[in-house]
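Here, each number is a calculation from the coordinates, and none is a lab measurement. Model, not experiment: these values are computed from the prediction. Counting neighbours? That spans all protein chains shown, and the Cβs are built from the backbone with ideal geometry, glycine included.
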Amino acid sequence: MRKKAVLITGAAGEIGQALIDYLSAGNEYTLLTLDLQPLPERLDGRSTHIIGDILDQKLFARLVTEYEFDSIFHLAALLSSRSEFSPELAHQVNVNGTLTLLQLAADQSQQRGKSVRFMFPSSIAAYGLPDLATKQRDFNVREWDWNYPTTMYGCNKLYCEQLGSYYSQHYQQLADTTPVMLDFRSVRFPGLISAFTVPSGGTSDYGPEMLHAAAQGKSYRCFVREDSTIPFMAMPDAIVSLLRLWEAPRSALNRLVYNVTSFSLSATEFMAQVQHRFPQAEVTFAPDEHRQGIIDSWPAGLNDKQARQDWGWQPEYDVDRAFDDYLVPNIREMYQTGVNG
Ligand code: SER
């Protein structure tokens, strides 16, 4: 008998660690986690963790003999800035890795006669606005606006959203019998801010980096201009949005890909929030032309009306609650006690 499990790829990343915390809390699910890296010690015992590569087909061939996956949270990816240094590697990981997982989920859906639920975090990077005037005018973009990404990561995310739609709606459409297809669901996240981890390789990283530097009494050189504005969200809301969409009845969903957001801030406004809580925080602005270009192409805000309508999405943390109730107390404690990761 194969064991029923929820598979989480990219489990050692920021979203992965937070998701494991939530999903393991009630002891309701058997979690199988996969990453190139080990999980931090504090997550010991919460999952069966495999150190491995999502491009390793043999590894998956072995895993499916042992496990039946009810759901897959496919989080593994190279983020936007990192991907610009090695675009072809990014394509391998972000697209071919996703394709492998989609195929696995498609096969398992057919074998067990029941859809595997496939959760996929997409991103504001799927958008590409042509100039700052348009970014200001179309402040909160809808899912179908400006789908012209300028980064390899953004192209990968947008294409994988399409692949997910294909696998869940049209897979093997010319076969004599219609197969049981997987159930693909995706959220487009804004920049995420965690109290416990610092992102690596993203372009929205200046927000969390500024905050974590301030909490450690370090000065910070911000790599974008003062006026740069993008949407952000506290990590608990990101996890709750993934879980709410995961739990929603299929019949309630009018889309496969949904925007979710919480608050939009310019880099100066972000700094003001940080300095309000850490008055000694020193921030200077030294824009990097290339990373600035990426941020300028991302929307200033997201219209998440459809998610609110279809599955009751509602962020718990607005900007003040995010800083006062979640980020600052946890970050202070973490750096005081030195418990990181
Ligand atoms: N935070 C991500 C990045 O900056 C966007 O999804 O790459």
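Tabulated data
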| read-out | value |
| --- | --- |
| Sparse-neighbour loop sites [chymotrypsin sites (Phe, Trp or Tyr not before Pro); region 126-220; at most 10 other C-beta within 10 Å; DSSP] | 144 |
| Virtual spin-label span in nm between residue 221 and residue 324, 7 Å along Cα→Cβ | 3.5 |
| Alpha carbon Rg of the chain, scaled by the compact-globule rule 2.2 N^0.38 Å | 0.98 |
| Dipole-positive endmost among 271, 134, 19 within the chain (Cβ charges, Cα centre) | 19 |
| Full-stretch length increase - residue 89, residue 4 - with 0.36 nm per residue and alpha-carbon distance subtracted | 27.4 nm |
| Longest to shortest principal axis, alpha-carbon extents of region 163-285, angstrom | 67, 24, 22 |
| Test item: Cα-centred dipole of region 79-163, Lys/Arg +1 and Asp/Glu -1 on Cβ, debye | 340 |
| For the chain, size of Cβ-based charge dipole, Lys and Arg +1, Asp and Glu -1, in debye | 680 |
| Pairwise FRET efficiency - residue 251 versus residue 316, Cβ, R0 = 22 Å, nearest 0.05 | 0.30 |
| Environment charge of residue 140, counting only residues whose C-beta is closer than 13 Å and scoring Lys/Arg +1, Asp/Glu -1 | +2 |
| Inter-centroid distance (Cα atoms) of region 1-41 relative to region 224-239, Å | 25 |
| Per residue Cα convex hull volume in Å³ - calculated over region 261-338 | 135 |
| Positive dipole terminus of the chain, leading residue within 311, 170, 48 (C-beta point charges) | 170 |
| Fully extended contour minus Cα-Cα distance, from residue 275 to residue 50, at 0.36 nm per residue | 76.9 nm |
| HN-Hα J in Hz across region 109-125 - Karplus 6.51, -1.76, 1.60, θ = phi - 60°, x for Gly and Pro | 4, 5, 4, 9, x, 8, 5, 7, 7, 10, 9, 9, x, 9, 7, 4, 5 |
| 3J(HN,Hα) from dihedral phi, region 173-185, Karplus parametrisation 6.51/-1.76/1.60, rounded to Hz, x for glycine, proline | 5, 9, 5, 5, 10, 7, x, 6, 9, 6, 10, 8, 9 |
| Computed over the chain: relative contact order in percent, which uses C-alpha pairs under 8 Å that are six or more apart | 18 |
| Computed FRET value (nearest 0.05) for residue 268 with residue 337, which takes r as the C-beta separation and R₀ as 30 Å | 0.45 |
| Rounded to 5, the percent of DSSP beta bridges in the chain classed as antiparallel | 10 |
| Assigned charges on the beta-carbon of Lys, Arg, Asp, Glu; region 258-341 dipole about Cα centre (debye) | 80 |
